[in-house]
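Here is the structure we will look at.
The values are calculated or read from the model by the stated rules, or taken from the named source; none is laboratory data. All values derive from a computational prediction rather than experimental measurement. Note: ideal-geometry Cβ built from the backbone for every residue, glycine included; neighbour counts use all protein chains shown.
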Amino acid sequence: MQKEVAVQELYIGGELSRPVRAEYNDVLNPSNAEVIARVPRASTEDAKKAIDAAREAFDKGPWSKMSPADRSKIIWKIADLVEQDVDRLAMLETENQGKPFKLSKDSDFAFGIDNIRFFASAVRNLEGKAAGEYNGIGTSIIRREPIGVVACITPWNYPWMMVVWKAIPAIAAGNTVVIKPASVTPLTTLEFAKLMERSGLPKGVVNVVTGDGSVVGEALVRSSGVDVVGLTGDTATGKKIMEAASGTVKRVQLELGGKAPFIVFDDADLDAASEGAVVGGFVNSGQDCTAATRLYVHESVYDSFIQKLVQKVRRIIVGDPKSKETDNGPLVSSAQLNKVENMVRIGKEEDGAKLLLGGRKPPNLEAPFSRGYFYEPTLFADCTQDMRIVQQEIFGPVLAILPFSTPEEAIEKANDVVYGLASSVWTKDVYKAMKVSAALRFGEVWVNDHLPLVSEMPHGGYKQSGFGKDLSGYTFDDYTDVKHVYFDLTGAVRKGWHYTIYGQQP
């Protein structure tokens with residue numbers, strides 16, 4: 001007997017809403033390729049309906065006019081509601097995205113809940129230039145104001161957490177949002193919207209429209225009713241969004257692709273570095289824009305490091321993401337599996353890299369997981385800088401290892417990609433760590449670790465990894481406008497400088 005599949009609806013204006021054309025997409029569980037839900041394939045009309053709801057809520061509703069303290073209370077309650085329902089939501093994330101439940105619950109949701117509470121508090125203390133008399137005859141003050149309607153376009157690798165990073169600071173600042181989740185992973189976003197309504201959020205502040213990026217995303221980005229677009233996605237999508245947004249000169253905030261270098265010097269703790277490479281490289285089955293995918297290892301410790309790394313990678317458990325023993329679940333979709341398989345083929349056949357481990361689907365998975373999109377943790381050694389597996393983002397469990405001889409060589413090669421999101425340096429020499437960190441053209445540099453993020457510190461890229469910041473108080477720069485208000489202090493009818501425009505100097 002076939003399992004009944006739940007049919008979801010759009011969330012617009014505080015209510016569940018059927019799509020105009022009654023068209024739906026199947027949502028799959030990537031661990032077994034089974035259909036677990038059906039969600040609307042929204043049209044431009046549906047997108048417009050959501051934009052109009054968000055626009056009305058911003059222009060006529062109470063949200064943008066509420067005090068930061070009152071908005072903070074509601075957003076803090078959102079975090080409480082998520083925390084109360086975290087087991088169900090985290091399991092839904094695992095079923096829809098494929099990541100291990102331990103990663104979903106104890107990392108994504110634990111961190112995301114902390115992010116929500118941080119944004120709720122930080123918005124009460126937005127900083128600006130102090131009021132003062134800068135010309136001697138008037139007082140200037142700075143106002144930070146919400147911009148309007150924000151379109152949040154989120155990815156499939158961290159579906160729920162990226163909604164938190166984009167939508168929560170936007171609404172905390174007084175904006176309203178239309179969220180467009182990735183087509184393959186929309187389920188926790190829809191559940192999150194329903195949960196936010198229970199917090200007391202006014203209708204229309206949060207809206208969710210599911211569907212194809214070429215339809216829904218395009219409509220959001222081009223609409224004159226949308227004031228800001230926040231995207232986490234690949235660099236190619238970011239370029240398209242920048243082009244489409246230029247028609248209305250709207251602000252864009254982009255967190256795009258990455259190809260993180262992981263630099264191991266000869267004085268590094270190789271046990272710690274090899275452990276960090278496993279964690280940093282194979283997080284979320286490598287589907288992470290900050291993943292440590294390029295390992296630059298000093299030639300004097302190259303063989304020793306590889307030996308330790310291989311031993312640890314062999315211990316990674318691939319399988320049922322619901323099991324507490326599993327380290328790597330499946331890739332998110334058949335399309336992503338095909339991409340990874342093709343890049344590994346290029347690494348072997350065209351690049352000529354040395355395959356140390358993996359490079360295939362796990363051969364021993366039993367049904368139903370034999371139908372899933374699993375791929376073995378894969379290591380390439382003796383790579384060169386010009387190889388495609390070194391230069392291009394793979395977004396899978398595939399690491400490339402390269403030797404280097406001098407710090408200058410390591411810096412040059414690390415910077416020699418179009419991306420600039422994250423990086424790490426492994427050394428016991430604090431002077432070397434400081435020097436190399438300053439030279440790396442990446443928005444994030446970790447020293448003797450890889451991956452840790454905190455709510456209080458910014459996350460964002462250089463170069464073609466985008467611009468703007470997620471996390472920290474800096475993210476509010478993307479979702480607020482700065483206004484200068486000037487007060488004359490003289491009360492004079494004619495000011496001393498008026499003659500420069502008309503009349504004579506007194």
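Some values worked out for this structure:
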{"read-out": "In region 207-227, residue nearest to Glu56 (Cα to Cα) [restricted to those that are touching an Asp or Glu at 6+ places or on another chain (Cβ under 8 Å) and β-branched (Val, Ile, Thr)]", "value": "Val209"}
{"read-out": "Hits in region 392-408 (condition: within 24 Å of Asn328 (Cα to Cα) and either outside any strand (DSSP E or B) or in contact with an Asp or Glu (Cβ under 6 Å, 6 or more places away or on another chain) (or both))", "value": "Gln392, Glu393, Ile394, Phe395, Gly396, Pro397"}
{"read-out": "Lone qualifier among Val340, Val332 - being at pLDDT 95 or above and over 18 Å from Glu34 (Cα atoms)", "value": "Val340"}
{"read-out": "Filter result for Ser274 (surrounded by fewer than 20 Cβ atoms within 10 Å (Cβ to Cβ) and in the same structural domain as Gly396 (by TED's automatic domain parsing))", "value": "no"}
{"read-out": "All positions within region 266-310 that are more than 16 Å from His450 (Cβ to Cβ), among the charged types (D, E, K, R) and part of a helix (DSSP H, G or I)", "value": "Asp303"}
{"read-out": "Trp156 being under 30 Å from Ala42 (Cβ atoms), touching a His at 6+ places or on another chain (Cβ under 9 Å) and at pLDDT 95 or above", "value": "no"}
{"read-out": "Residue count for region 369-391, restricted to those that are touching an Asp or Glu at 6+ places or on another chain (Cβ under 7 Å) and farther than 14 Å from Asp351 by Cα", "value": "1"}
{"read-out": "Top-ranked residue of region 317-353 - restricted to ones that are in contact with a helix residue (DSSP H, G or I) (Cβ under 7 Å, 6 or more places away or on another chain), charged (D, E, K, R) and in a loop (DSSP other than H, G, I, E, B), ranked as surrounded by the most Cβ atoms within 10 Å (Cβ to Cβ)", "value": "Asp320"}
{"read-out": "Tabulated pairs, region 37-54, first under 13 Å from Gly14 (Cα atoms) and surrounded by 18 or more Cβ atoms within 10 Å (Cβ to Cβ), second at pLDDT below 95 and of a type outside the set (S, T, N, Q), C-beta under 7 angstrom, 6+ apart or interchain", "value": "none"}
{"read-out": "Criterion (in contact (Cβ under 8 Å) with a residue 12 or more places away in the chain and part of a loop (DSSP other than H, G, I, E, B)) met by exactly one of Leu379, Leu365, Leu356", "value": "Leu365"}
{"read-out": "Meets criteria (of a type outside the set (A, V, I, L, M), more than 17 Å from Val177 (Cβ to Cβ) and out of contact with any Leu (no Cβ under 6 Å at 6 or more places or on another chain)) for Pro62", "value": "no"}
{"read-out": "Residues within region 248-271 that are under 20 Å from Arg315 (Cβ atoms) and surrounded by fewer than 24 Cβ atoms within 10 Å (Cβ to Cβ), tallied", "value": "3"}
